[in-house]
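Colleague: Can you read through this structure? Questions will come right after.
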Amino acid sequence: MSYQDAREAFAAWGVDTELALTALAQIPISVHCWQGDDVRGFEKQQGTSGGGIQATGNHPGRARTPDELRADLEFAYSMIPGKHRLNLHAFYLDTQETPDRDEIEFRHFAPWVEWAGETGIKLDFNPTFFAHEKADDNLTLAHPDAGIRDFWIEHGKRCREIAAKMGAAQGGEVVNNIWVPDGSKDNPVDRMGARRRLEASLDAMFAPAHDRAHLLDAVESKLFGIGVEAMTVGSHEFYLGYAIRNNTALCLDMGHFHPTENVADKLSAVALSVQDILLHVSRPMRWDSDHVILLDDSIRAMAQELVFGGLLQRTRIGLDFFDATISRTAAWVIGVRNMQKALLEALLAPQERLKQAETARDYTTRLVLTEELKDLPYAAIWAEFCARQDRPTGALLVDSLARYQASVTDRG
């Protein structure tokens, strides 16, 4: 079907496809750097695993250096319509120095800032509270040892300063997201003590003031992880309360809740109390396994809540998955494009007509509309969106991804 025919089909429902395409082009998605190298980072010192984070698989082509990772990202962005961001973790520093986590400085990320300026890609940032000898027992900011806590508090302070300087360099906001793996493998007897330590550590970390135009702090919860099955100190309830009290953004990660929970449903609930929301869009399978996202019901529900709830201006959308069983660059491309497709479908919905039926308690009409809308030619609108920005679709996309993967296979 041609774009013009599809446009007329949507117009019959009172939907202007041009408005939807314009809106979609203005929604940036923060692409997560850690998909490109299986969450290993580029620290020169010896690192350790930990934090319940594990990428499985040994598909060839893993980025081994910052330059390889940037090349992979540039290719991925060239396959994705729109203008997007990069979410950088602290242990992806690019330097010949060997600073420990409490010693990192802005200069250790200068090549990333320079690259971002050259490519026009805006950066976001994250402290790295895992894969370190001082986090091996899955305790950092909530550790009973004050010396360990001080180490991680200093790391957090330095990351906030680095993020603020990145924001100043790029002339806008950098989201600095804090997630810590702290928890207990077996049933603790002093949950309150651990949570008081985490709260005090966060307060100390957030104490230095930075320009809000350059730095937006976010806090991220988790239900459980490997090694912290019994209790996670930074639970959803803990961080929801903390974000409200301290005016930080709240991060909702789709993989960090019970598998039966509808994370999209949480958006409107927390938006009444929290001004800024950060999304980590992922696909958990039985647990926080971070599979590449599909264009499935959970993603569609998330996009619809963002659009229908008027939350796009208050929500920063980022991705968070890592799969080493498939091409890592293809994973980025598939994930971002699926998030965009879900947003496009929501933008193309006759929102007011649906809401009017619901307000009138005409649930029959609401259901009929919901089902009939599934037959509309969304693919033709998506193809037009890609064509206008010279991005491939269909077989051309498949061939482009395959060619690039073949070019990096010899990395091992």
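The values are calculated or read from the model by the stated rules, or taken from the named source; none is laboratory data. Bear in mind the structure is a predicted one, so any value in this text is a computation, not a measurement. Please note: Cβ atoms are built from the backbone with ideal geometry, for glycine as well, and neighbour counts cover all protein chains shown.
Colleague: Looking at the range 107-164, which of the residues that are of a type in the set (Lys, Arg) and more than 17 Å from Leu215 (Cβ to Cβ) is surrounded by the fewest Cβ atoms within 10 Å (Cβ to Cβ)?
Modeller: Across the range 107-164, the extreme among qualifying residues is Arg107.
Colleague: Which residue is surrounded by the fewest Cβ atoms within 10 Å (Cβ to Cβ), if the candidates are limited to the range 244-259 and must be over 23 Å from Ile53 (Cβ atoms) and free of Cβ contacts under 8 Å to residues at least 40 places away in the same chain?
Modeller: It comes out as Arg245.
Colleague: Kindly establish whether Gly167 is farther than 26 Å from Gln54 by Cα and either crowded, with 20+ Cβ neighbours inside 10 Å or in contact (Cβ under 8 Å) with a residue 60 or more places away in the chain (or both).
Modeller: When the stated conditions are applied, Gly167 passes them.
Colleague: For the range 23-45: of the residues being at pLDDT 85 or above and among the charged types (D, E, K, R), which is surrounded by the fewest Cβ atoms within 10 Å (Cβ to Cβ)?
Modeller: Within the range 23-45, the match that is surrounded by the fewest Cβ atoms within 10 Å (Cβ to Cβ) is Arg40.
Colleague: Kindly check whether there is at least one residue in the range 199-209 that is buried (at least 22 other Cβ atoms within 10 Å of the Cβ), touching a strand residue (DSSP E or B) at 6+ places or on another chain (Cβ under 7 Å) and of a type outside the set (S, T, N, Q).
Modeller: no
Colleague: Which helices (runs of 4 or more DSSP H) does the range 65-171 wholly contain that include 3 or more residues that are among the β-branched types (Val, Ile, Thr)?
Modeller: 146-170
Colleague: Where the second residue is at pLDDT below 80 and of a type in the set (A, V, I, L, M, F, W, C) and the first is within 23 Å of Arg316 (Cα to Cα) and in a loop (DSSP other than H, G, I, E, B) and lies in the range 31-60, which pairs have Cβ atoms under 9 Å and are six or more apart or on separate chains?
Modeller: Close Cβ pairs satisfying both conditions: Val39/Ile53.
Colleague: Looking only at the range 280-296, filter to residues that are of a type in the set (A, V, I, L, M, F, W, C) and within 14 Å of Asn338 (Cβ to Cβ); which one of those is surrounded by the fewest Cβ atoms within 10 Å (Cβ to Cβ)?
Modeller: This residue is Leu294.
Colleague: So, in the range 396-412, exactly how many residues are modelled with pLDDT of 95 or more and surrounded by fewer than 17 Cβ atoms within 10 Å (Cβ to Cβ)?
Modeller: 7
Colleague: Which one of Arg353, Arg366 is surrounded by fewer than 17 Cβ atoms within 10 Å (Cβ to Cβ) and among the basic types (Lys, Arg)?
Modeller: Going through Arg353, Arg366 in turn, just one is surrounded by fewer than 17 Cβ atoms within 10 Å (Cβ to Cβ) and among the basic types (Lys, Arg): Arg353.
Colleague: Look through the range 356-381, keep the residues that are among the small types (Gly, Ala, Ser) and under 32 Å from the mean Cα position of the chain (by Cα), and return whichever of them is farthest from Asp296 (Cα to Cα).
Modeller: If we take residues in the range 356-381 being among the small types (Gly, Ala, Ser) and under 32 Å from the mean Cα position of the chain (by Cα), then Ala380 is farthest from Asp296 (Cα to Cα).
Colleague: Within the range 209-245, which residues are in a strand (DSSP E or B) and among the hydroxyl-bearing types (Ser, Thr, Tyr)?
Modeller: Correct list: Thr232 only.
Colleague: Related question: Taking Gln304, is it part of a helix (DSSP H, G or I), buried (at least 22 other Cβ atoms within 10 Å of the Cβ) and at pLDDT 95 or above?
Modeller: no
Colleague: I've got another one for you. Show the residue pairs that are 6+ apart or on different chains and have beta-carbon atoms under 8 Å apart, the first residue being within the range 73-87 and among the small types (Gly, Ala, Ser), the second being buried (at least 19 other Cβ atoms within 10 Å of the Cβ) and part of a helix (DSSP H, G or I).
Modeller: Ala76/Thr329; Ala76/Trp332; Ala76/Val333; Ala76/Val336; Gly82/Leu24; Gly82/Gln340
Colleague: Does Glu384 satisfy the criteria of being more than 17 Å from Met1 (Cα to Cα) and assigned to a helix (DSSP H, G or I)?
Modeller: Judged against the criteria, Glu384 is not a match.
Colleague: Would you confirm whether any residue within the range 385-395 is more than 20 Å from Ala342 (Cβ to Cβ) and either surrounded by 18 or more Cβ atoms within 10 Å (Cβ to Cβ) or small (Gly, Ala, Ser) (or both)?
Modeller: So far as the range 385-395 goes, yes, one or more of its residues are more than 20 Å from Ala342 (Cβ to Cβ) and either surrounded by 18 or more Cβ atoms within 10 Å (Cβ to Cβ) or small (Gly, Ala, Ser) (or both).
Colleague: I'd like to check something: does the range 391-409 contain any residue that is in contact with a His (Cβ under 8 Å, 6 or more places away or on another chain) and either closer than 29 Å to Asp290 by Cα or hydroxyl-bearing (Ser, Thr, Tyr) (or both)?
Modeller: No - not one qualifying residue is present in the range 391-409.
Colleague: Then there's this: Would you tally the residues in the range 313-330 being among the small types (Gly, Ala, Ser), surrounded by 24 or more Cβ atoms within 10 Å (Cβ to Cβ) and either touching a Lys or Arg at 6+ places or on another chain (Cβ under 7 Å) or in a helix (DSSP H, G or I) (or both)?
Modeller: Matching residues across the range 313-330 total 0.
Colleague: From the list Thr48, Thr65, Thr56, Thr95, exactly one residue is at pLDDT 95 or above, out of contact with any His (no Cβ under 6 Å at 6 or more places or on another chain) and not aliphatic (A, V, I, L, M). Which is it?
Modeller: Thr65
Colleague: Please state which one of Ile334, Ile381 is under 27 Å from Ser78 (Cβ atoms), free of Cβ contacts under 8 Å to residues at least 60 places away in the same chain and hydrophobic (A, V, I, L, M, F, W, C).
Modeller: Ile334
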